[in-house]
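Engineer: Okay, handing you the structure first.
Read-outs: derived from the displayed coordinates by stated rules, not from any lab. Nothing here was measured: the structure is a model prediction, and the numbers come from that model. Counting neighbours? That spans all protein chains shown, and the Cβs are built from the backbone with ideal geometry, glycine included.
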Amino acid sequence: MTKKRGRPPATGSPRQQKRSRRNTGIPGWLLPAAVVVVLAVIAVVVVAVSQGGSTSSSRPSPTAATGQTVDGIQCETHEQVLFHIHAHLAIFVNGQEEQVPPGIGIPDPQVQQTQGGPFVASGSCFYWLHTHATDGIIHIEAPAQRTFTLGNLYDIWGQPLSASRAGGDTGQVIAYVDGKRFDGDPRTIPLGAHTVIQLDVGTDVPFRPYTFAPNV
């Protein structure tokens, strides 16, 4: 006589068996949406961490003057001609010359392309210290004679200047004025008629003379 095969004996108590069959997870129709949400949260966390790391190590960008008075220097609707002189600035960073940008001290610059390169012909106003082109010439045009400094120009430009920093470049700042080493604070360098200024950041570059055009 053969024995009938039945179900295998159940293990555990009836309560445990009932609990094991209870649905304690996410309903099947919600699983795809749940996966998407989890992936989105992970992506947001990764982006936030990466951005946080980059901003913590970077410095905020300086802001150029937009018309407000800076160091007592106003922004006029027209260029002043009563006191009108020019100086020249050259900047070298680790031995490489950096271009002094046109439009310093001219908010909302209107740029024209010329044979000599871009030229800022107009803007919303003109500070008494400004640049028109990439030639490094600083235009000093004020309603009265006054001694301006290189620090005034950098303040209008919205860039830092110290013995260890010039604009966005850091390192020892070596200054030359008319061919002679300037040992003081570079911010205090006076802007005189046809003053030739050279700033070397990081590497000392021999002074390079500059010759002004006859009509400048």
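Engineer: Mind checking which strands (runs of 3 or more DSSP E) fall wholly inside segment 142-216 and carry at least 1 residues that are out of contact with any strand residue (DSSP E or B) (no Cβ under 9 Å at 6 or more places or on another chain) and more than 30 Å from E76 (Cα to Cα)?
Structural biologist: 180-182
Engineer: Please specify each residue of segment 166-216 satisfying the condition of being under 17 Å from Y154 (Cα atoms) and of a type in the set (K, R).
Structural biologist: Listed by number, the list holds a single entry, R187.
Engineer: Give me the residue from segment 90-100 that is surrounded by fewer than 17 Cβ atoms within 10 Å (Cβ to Cβ) and in a loop (DSSP other than H, G, I, E, B) and, out of that set, nearest to the chain's Cα centre (by Cα).
Structural biologist: Here the answer is Q99.
Engineer: So which residues in segment 128-139 are under 16 Å from Y210 (Cβ atoms) and outside any loop (DSSP other than H, G, I, E, B)?
Structural biologist: I137, I138, H139
Engineer: Given the options D169, D200, name the one that is crowded, with 20+ Cβ neighbours inside 10 Å and in contact (Cβ under 8 Å) with a residue 40 or more places away in the chain.
Structural biologist: Of D169, D200, the one residue that is crowded, with 20+ Cβ neighbours inside 10 Å and in contact (Cβ under 8 Å) with a residue 40 or more places away in the chain is D200.
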